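Working notes, structure below.
Read-outs: derived from the displayed coordinates by stated rules, not from any lab. Remember, predicted model here, so these are calculated numbers, not experimental data. Don't worry about glycine lacking a Cβ; one is built from the backbone with ideal geometry, like all the others, and counts go over all protein chains shown.
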Amino acid sequence: MSDGQTLARVYLQQQRLLCGDAVILPGGSGLGPGASGTPARAVAPARSDSAASGPSPQAPAPSPGLSFDPPSGDLFAADPVQQAHTLADVAALVAECTKCKLCESRTHTVPGEGPGDARLVVIGEGPGRTEDETGRPFVGKAGELLTKILAAIDFPRERVFICNVVKCRPPENRLPQYDEIAACVPYLFRQLEILAPKVILAMGGTAAQTMLNTKQSLGALRNQVHRFRGIPVIVTYHPAALLRNPNWKRPTWDDVRIARRLLDG
């Protein structure tokens, strides 16, 4: 196991011990609809709101198939991701990151962009070709559509923090693989800790499954309000999917209106 994968696993274990939230760890293949390989294993079971309000167990049981001792507090303190205090700090770490093989083919890292006081965070799957060329998220045709979607709920793009689950482009825009998500998700989680947004809009299956610790389909996750560490999460289609399937634009409109109501609430 590489140092990057080890650090990612340590971070996920830290989050499990502290918060109970974690990403699904597939058995070596991609996340999301159509992913192949062995069934996914969750680092920690998702908590219901009622469970979250009750007493926490003294020592969480280890997940099946994962064999490592709980890391020490000193290791947590030395974690550079946890020492990042601003979005710029996280972006600087992303720029130098070589924790997974995506670093070998990237042109630019794409840490995300938007104001530090953004109340809405939009999370996609990963950068595409145009994003890799520019270092900015959602700037191709899908990005243009996202800008229109946000404008339709009277939320200018400039007021939104926009990012992805992985910060480097997967080759040929394939789904991010297990080790890539595990290596990169600490950056995303830290960004969310710094931002403390009011609402998260997870666009596409990979973003939804990663944020909600589930293998459920995107269709099953729509039309309801989920929670990530207390933050409401709304799941909807990725703009790239809307370009291929215009019939999904209406359901997406319904989803983003829920997000707008939560922001107004």
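Quick check: residue separation of A88 and E158 times 0.36 nm, minus the Cα distance between them. What number comes out in nm?
23.5 nm
May I ask you to list the residues of region 194-229 whose amide nitrogen lies under 11 Å from a point 7 Å from Cα along the Cα→beta-carbon direction of D254?
So the set is 222-224.
In region 216-244, whose amide N lies under 11 Å from the spot 7 Å out along Cα-to-Cβ of N173? List them in ranges.
239-244
Taking the Cβ of K249 as the centre, find all other residues whose Cβ is under 15 Å away and add up their charges (Lys, Arg: +1; Asp, Glu: -1).
So the environment of K249 carries a net charge of +3.
Quick check: net charge around A84, other residues with Cβ under 11 Å of its Cβ, Lys/Arg +1 and Asp/Glu -1?
Its environment carries a net charge of -2.
What's the ranking of 103-115, 247-259, 126-138 by average number of surrounding C-beta atoms within 10 Å, highest first?
With the highest mean Cβ count within 10 Å placed first, the list reads 126-138, 103-115, 247-259.
How would region 135-198 be classified by its alpha-carbon gyration tensor: rounded, prolate or oblate, with rounded meaning a/c under 1.5 and the a/b versus b/c comparison settling the rest?
The shape class here is oblate.
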